[in-house]
Amino acid sequence: MRTQVGIIGAGPAGLMLSHLLHLQGIESIIIESRSREEIEGTIRAGVLEQGTVDLLNATGVGERMMREGHVHEGIELQFNGNRHRIDFAELTGGKQIMVYPQHEVIKDLVAARLKANRTIFFNVCDVKLVNIESTQPKIEYTNELGESQVIECDFIVGCDGFHGPSRQSIPKSKRVEKQQIYPFGWLGIIAETPQVNPELIYAHHERGFALLSTRTPSIQRHYLQVDPKDDIANWSDDRIWSELHARVDMEGWTLPQGPIIQKNIVSMRSFVCETMQYGRLYLAGDAAHIVPPTGAKGLNLAVADVQVLSQGIREFYEQGNQNILQKYSQTCLKRIWRAQRFSWWMTTILHTNQNHSPFEYGIQLTELDNVTSSRNAAANLAENYVGLPFELPLYKHELSQK
Ligand code: RFL
Ligand code: PHB
């Protein structure tokens, strides 16, 4: 098989890239190791930045999001038994966020791709990247029938998440990787309860952090800080609810409770691979960087990466130059490090830990007091949470779908 761009991974990065390329008349093939049902059913992110929402709308895949998603104009920070609202719209000149689940974005992008009669090969394995230093790289893999396949292309884009093979194909000596692993994990639940609050609540508590989020008026998404090595089998539904009550209930307010329909534990890390390009291989999304979920940035960063990359690839085919492509890592890393700082900061001020000294605990509370009492500090949080503007303006073909 031959195509212009071979994409590994059908997560938000890979699907959005193929969509943007398609709008610019550039061919791509996506290969994905899981099934369509699995990628469309995996519960992950919930918060979309203003720029992500704008891009989905501008490129014709935002219709269901606008109908079924929920616009939030702020968040609540809870500490010392009180809630404090951070008003994004007021602090950022009208910017907002959208709560719309990642797997719904995935469904919308898969539907757009299939409607355009473009290919996604699911259930592939044994993926190998070959000749990435040449101008004709290849992807070798085994398809779902067990047959060996080869995709010859001009570019390979590794959108295969943190554990995929793309990043590992860059020689170790050429990779600069920086990371921090946190002693915190998140136990996430999906529960059938009425909506808790019109906006998300980030709660600091001496027993640990809790986050109250939402999916629909009758389905809620909540998280509890736990030991990342803990086993979900240790957490009965009763234990989860009693821990959530202990961390978020306030005088005169009790968290609504209901059946838990899904629960799991994820660990947290910050990671940046500063080499986002090697030869004709480009990395995008979680393949190149991971943020702890406290800042709600991972999916949004993935979309921002491919927004830059799609324009670099267009410039290559239309104008025969690589000006944007040559600066791809540099352009993306500026935003990535800003998101890393914000996610690290949100994580550090909100999670508690028995190893914290009373001094560190005092500083956390003072950070929270500062951000809820100083307009400048609140504006900084708001500006980062709603997301920084894209580095490059949208190209006219991207806008033509409006
Ligand atoms: P993904 O989504 O991991 O997709 C990678 C895809 O590649 C496939 N793959 C392969 N395919 C072919 N061959 C191979 N050898 C392959 N190996 C892997 C995988 O099956 C998969 O389909 O990466 P991508 O596209 O870069 O997207 C990143 C986002 O998924 C991630 O950053 C977010 O989920 C992070 N995140 C959040 N981000 C936000 O912007 N807002 C949020 O509110 C938010 N909340 C969260 C989150 C992540 C969480 N977890 C589970 C860590 C909340 C949580 C709890
Ligand atoms: C979610 O709704 O899944 C969610 C919300 C905010 C975060 C992370 C996840 O910071």
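Worth pointing out:
- Candidates in the stretch 39-63 are the residues that are within 14 Å of residue 99 (Cβ to Cβ) and among the charged types (D, E, K, R); of these, the one that is farthest from ligand 1 (Cβ to nearest atom) is 49.
- Residues of the stretch 3-42 that turn out to be over 16 Å from residue 61 (Cβ atoms) and not polar (S, T, N, Q), as a count: 16
- Residue check for residue 38: farther than 21 Å from residue 309 by Cβ, in contact with a helix residue (DSSP H, G or I) (Cβ under 8 Å, 6 or more places away or on another chain) and in a helix (DSSP H, G or I): no
- Evaluation of residue 203 against (1) within 16 Å of ligand 2 (Cβ to nearest atom); (2) surrounded by fewer than 18 Cβ atoms within 10 Å (Cβ to Cβ); (3) at pLDDT 95 or above (one fails), failing number: (2)
- Scanning the stretch 247-281 for residues that are more than 30 Å from residue 8 (Cβ to Cβ), modelled with pLDDT of 95 or more and exposed (fewer than 15 other Cβ atoms within 10 Å of the Cβ) gives 249, 250, 253, 254, 256, 258, 259, 261.
- Residue match in the stretch 276-285 (condition: in a helix (DSSP H, G or I) and either more than 8 Å from ligand 1 (Cβ to nearest atom) or in contact (Cβ under 8 Å) with a residue 60 or more places away in the chain (or both)): yes
- Number of residues in the stretch 94-144 that are of a type in the set (Ser, Thr, Tyr), surrounded by fewer than 19 Cβ atoms within 10 Å (Cβ to Cβ) and not in a strand (DSSP E or B) equals 3.
- Single residue of the stretch 61-78 satisfying the filter (assigned to a loop (DSSP other than H, G, I, E, B) and over 13 Å from residue 12 (Cα atoms)) that is farthest from ligand 2 (Cβ to nearest atom): 62
- When we screen 152, 147, 177 for residues that are touching a Cys at 6+ places or on another chain (Cβ under 6 Å) and of a type outside the set (Val, Ile, Thr), the only hit is 177.
- Any chance residue 243 is charged (D, E, K, R) and under 21 Å from the mean Cα position of the chain (by Cα): no
- Condition check for residue 86: in a strand (DSSP E or B), more than 9 Å from ligand 1 (Cβ to nearest atom), more than 30 Å from residue 367 (Cβ to Cβ) and more than 15 Å from the chain's Cα centre (by Cα): no
- Test: residue in the stretch 52-60 that is at pLDDT 95 or above, outside any helix (DSSP H, G or I) and either among the β-branched types (Val, Ile, Thr) or buried (at least 18 other Cβ atoms within 10 Å of the Cβ) (or both): yes
- Single unsatisfied condition, residue 40 versus (1) buried (at least 21 other Cβ atoms within 10 Å of the Cβ); (2) more than 15 Å from ligand 2 (Cβ to nearest atom): (1)
- Here is the figure for the stretch 206-231: residues that are within 13 Å of ligand 2 (Cβ to nearest atom) and either in a strand (DSSP E or B) or of a type in the set (Asp, Glu) (or both) total 14.
- Among the residues listed as 156, 120, the single one being closer than 16 Å to residue 10 by Cα and in contact with a Pro (Cβ under 8 Å, 6 or more places away or on another chain): 156
The values are calculated or read from the model by the stated rules, or taken from the named source; none is laboratory data. These numbers were taken from a predicted model, which means no experiment stands behind them. Neighbour counts run over all protein chains shown; Cβ positions are idealised from the backbone, glycine included.
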